[in-house]
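Student: I am attaching a structure below and will ask some questions about it afterwards.
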Amino acid sequence: MLELRVEESGRPVTYIGSFNNPGTGDTYQQKMAVVADLLGWDRLVPQTTCHPIKFQFHLRNSFILGIFECWRPVMAMSQNDKIRTYRTPEFREQFRRDILKKTKPWASISVTACA
């Protein structure tokens, strides 16, 4: 797809999405090697960050999990209600089901630490 855009447009093409994965320092370089023949200021210009994408959160303010249906009501609960909800088998089972529905964004997620 990138090759077609570069060759057919005759103009520089830029794209976003080349990030290092947490725990590795060379994934960006591996991705660039795949498109090396297209790279150049007048051809393909990737946009990237020098840092891996990481999300740090806690269950008191778990906004990142708001993409899951079962978490939306939890976001507005008091801390005590959240704790009670987290402990219920029903909530945990619904969370499992929600994760399975949204496997694509979670396919590359790994938990690196728990407190």
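The values are calculated or read from the model by the stated rules, or taken from the named source; none is laboratory data. As the structure is a prediction and not an experimental result, all values here were calculated from the model. Glycine also receives a Cβ, built like all others from the backbone with ideal geometry; neighbour counts cover every protein chain displayed.
Student: For segment 64-93, what are the residues that are β-branched (Val, Ile, Thr) and either surrounded by 11 or more Cβ atoms within 10 Å (Cβ to Cβ) or under 23 Å from Thr112 (Cα atoms) (or both)?
Tutor: Ile64, Ile67, Val74, Ile83, Thr85
Student: Moving on to the next point. State whether one or more residues within segment 43-63 are in a helix (DSSP H, G or I), closer than 23 Å to Ala113 by Cα and modelled with pLDDT of 80 or more.
Tutor: Within segment 43-63, one or more residues are in a helix (DSSP H, G or I), closer than 23 Å to Ala113 by Cα and modelled with pLDDT of 80 or more.
Student: OK, next. Please indicate, with yes or no, whether at least one residue in segment 18-27 is more than 27 Å from Phe91 (Cβ to Cβ), at pLDDT below 85 and not in a loop (DSSP other than H, G, I, E, B).
Tutor: There is at least one residue in segment 18-27 that is more than 27 Å from Phe91 (Cβ to Cβ), at pLDDT below 85 and not in a loop (DSSP other than H, G, I, E, B).
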